[in-house]
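Down below is the structure, laid out as C-alpha cells.
The values are calculated or read from the model by the stated rules, or taken from the named source; none is laboratory data. In this text, all values refer to a predicted model and were calculated from it rather than measured experimentally. Heads up, the Cβs are rebuilt from the backbone with ideal geometry, glycines too, and the neighbour counts pull from every protein chain shown. Remember, those area values only see protein heavy atoms, side chains included, never the ligands or the DNA or RNA. Shrake-Rupley method; radii C 1.70, N 1.55, O 1.52, S 1.80 Å.
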Amino acid sequence: MQTLSIKNVHKSFGKKTVLNNVTLSVSKGEILALYGRNGCGKSTLLKILFGTLKANNIELLVNGTATTPKASRLNKSIAYIPQHPFLPSSQKVRDIIPMYHQNQELQDAVFYDPYIASFTARKVSELSLGQRRYFEVVLLANSSHPFLLIDEPFSMIEPLHKERLKGFLNSIKRTKGIIITDHYYNDVLEVSTQNIILKDGLINTITTKEDLLKYDYLKSV
C-alpha cells in the first residue's frame, strides 16, 4: 500500500503559529479532505508538502521511507494543483498537453478525455472557469505521481463541472492518494474517504456535517 505520511508539522509566521504539530496520512485509494476557515493554514500545508514553502519542522514519509518535501517533488512522488490559474493562457489546450506529458499514453489519456476532447483547439484564455479547472485536474492527475494535492477544485465553477470533477476524482483515486481542500464542503463530502478539519493550528477528525458545526466551520441557523 502506497502511503504518504507527515508528522509533527509546525509552521509559524513571526509570532503567529499556523500549524502546530500536524500529523496525517493518506494512502492510494483514499481522498483525504482538509477543511478549515480562510487563513487557517490549509494552503500553507499543501505548499509545505509540495516543497515550495519551508516548515519550521516536518517529518515526511513516502511508503515508510523518510524523505523531504523537496526530494519527494524531484522524485515525482507528489503533484500539486494550486487554487490559482497556472497554465499559459495564450496556449491552446492541445499544445499544453505535451508540455506536461512526454509519454504518448499519458498524452492520450488527457487528449481523449470525453470532455477535454471537445475543446482541445481552444486557447486556455477562451475556456470557462469550470473547463479550465477540469483540464488542470485531469492534466496533472494523469501524471505518474502517486500522490495528488488539490487546492479548491470546486470553487466558483458551474454545477455541471463539479459533477464531472467528482466523477473523475472517484475514478482516479484507484491509483492515487489525494488530499483536497475546498470550502464547498457538500461537494467534498461526496468524494472524500476521510475528513479532517484544521482549527487553531491543530488537526481534528470529523465524520459528519454536524462535526463541521462542532468546530465552528459552519454556523448553525
With respect to the numbered conditions (1) assigned to a loop (DSSP other than H, G, I, E, B); (2) farther than 26 Å from Phe13 by Cβ, which one is the sole condition not fulfilled by Pro85? (2)
If Met99 meets every condition in (1) open to solvent by 70 Å² or more (accessible area, probe 1.4 Å); (2) of a type outside the set (Gly, Ala, Ser); (3) under 30 Å from Ser12 (Cβ atoms) apart from one, which number is that one? (3)
Residues of segment 33-51 being hydrophobic (A, V, I, L, M, F, W, C) and closer than 16 Å to Lys199 by Cα, which ones? Ala33, Leu34, Cys40, Leu45, Leu46
What about Lys92, is it at pLDDT 95 or above and either open to solvent by 60 Å² or more (accessible area, probe 1.4 Å) or of a type in the set (Val, Ile, Thr) (or both)? yes
Filtered residues of segment 126-158 (kept if crowded, with 19+ Cβ neighbours inside 10 Å and polar (S, T, N, Q)): Gln131, Asn142
Unique match (being within 18 Å of Ala33 (Cα to Cα) and of a type in the set (Ser, Thr, Tyr)) among Tyr80, Tyr100, Tyr112, Tyr134: Tyr80
Total residues in segment 59-115, condition under 21 Å from Phe168 (Cα atoms), out of contact with any strand residue (DSSP E or B) (no Cβ under 6 Å at 6 or more places or on another chain) and of a type in the set (A, V, I, L, M, F, W, C): 9
Unmet criterion (only one of (1) open to solvent by less than 30 Å² (accessible area, probe 1.4 Å); (2) over 15 Å from Ile81 (Cα atoms); (3) under 13 Å from the mean Cα position of the chain (by Cα); (4) not aliphatic (A, V, I, L, M)) for Lys173: (1)
Quick check on my filter: what residues within segment 186-199 are within 25 Å of Lys16 (Cβ to Cβ) and open to solvent by 50 Å² or more (accessible area, probe 1.4 Å)? Lys199
What are the pairs, 6+ residues apart or on separate chains, where a residue within segment 60-78 that is in contact (Cβ under 8 Å) with a residue 24 or more places away in the chain and in a strand (DSSP E or B) has its Cβ under 7 Å from a residue that is open to solvent by 20 Å² or more (accessible area, probe 1.4 Å) and among the charged types (D, E, K, R)? none
Across segment 116-150, what is the number of residues that are of a type in the set (Phe, Trp, Tyr) and in contact with a strand residue (DSSP E or B) (Cβ under 8 Å, 6 or more places away or on another chain)? 1
